[in-house]
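The values are calculated or read from the model by the stated rules, or taken from the named source; none is laboratory data. Everything numeric here is computed off the predicted structure, so don't read it as measured data. Note that we place each Cβ from the backbone using ideal geometry, even for glycine, and neighbour counts take in every protein chain shown.
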Amino acid sequence: MKKNNQSLVFHFNSNTILETNPELVRIVFYPEYTKVDFGYVAYDKYYRGGWITMAEDTYIEVLETGERYKLLLAENIPIAPAQHYFESTKDWRYYSLLFPPIPKEDCTLNIFESEEGTSNAFNFYSIALRMSEGIAIL
């Protein structure tokens, strides 16, 4: 099987819970789509942990080309204006965002829920991906 036809996964590890929720867990390049997985831990500063939602116009931008890939599907997180309300400050949630397939080339990604970068937006900047570091999925 050629490398360009393989699915590749990139894991992002963090052992701390910071106020940079959500946490990027992994990015998977499938031939049919690109999947970005996140983990979110409810805060005790919000009543019963608060809530989460995802903007409909979320997208990935490849810095090297300026190409943008619009959100196709969100799994386990509602699209705004709907919201998921946590039941307690000990609650957590994993969710996935699916985008059109991104070319399997070394690249740097930005993930934008909001270009303005508001305090409530889930934006991630300068995620460097080197295809040689991806783990092939059989």
Applying the selection to the stretch 110-129, what residues are of a type in the set (A, V, I, L, M), assigned to a strand (DSSP E or B) and within 26 Å of residue 81 (Cα to Cα)?
111
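Here are 132, 96: which of them is in contact with a strand residue (DSSP E or B) (Cβ under 7 Å, 6 or more places away or on another chain) and either closer than 25 Å to residue 6 by Cβ or in a loop (DSSP other than H, G, I, E, B) (or both)?
Checking each option against the conditions leaves just 96.
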Can you confirm whether the stretch 10-19 contains a residue that is in contact with a Ser or Thr (Cβ under 8 Å, 6 or more places away or on another chain) and buried (at least 17 other Cβ atoms within 10 Å of the Cβ)?
no
Could you check, for the stretch 39-50, whether at least one of its residues is of a type outside the set (A, V, I, L, M), at pLDDT 95 or above and either surrounded by 15 or more Cβ atoms within 10 Å (Cβ to Cβ) or more than 19 Å from residue 126 (Cα to Cα) (or both)?
no
Assess whether residue 24 counts as being modelled with pLDDT of 90 or more and either buried (at least 17 other Cβ atoms within 10 Å of the Cβ) or closer than 16 Å to residue 127 by Cα (or both).
yes
From the residues in the stretch 58-113 that are crowded, with 18+ Cβ neighbours inside 10 Å and touching a helix residue (DSSP H, G or I) at 6+ places or on another chain (Cβ under 9 Å), which one is modelled with the highest pLDDT?
107
Does the stretch 73-93 hold any residues that are assigned to a loop (DSSP other than H, G, I, E, B) and not small (Gly, Ala, Ser), and which are they?
76, 77, 78, 81, 83, 86, 87, 89, 90, 91
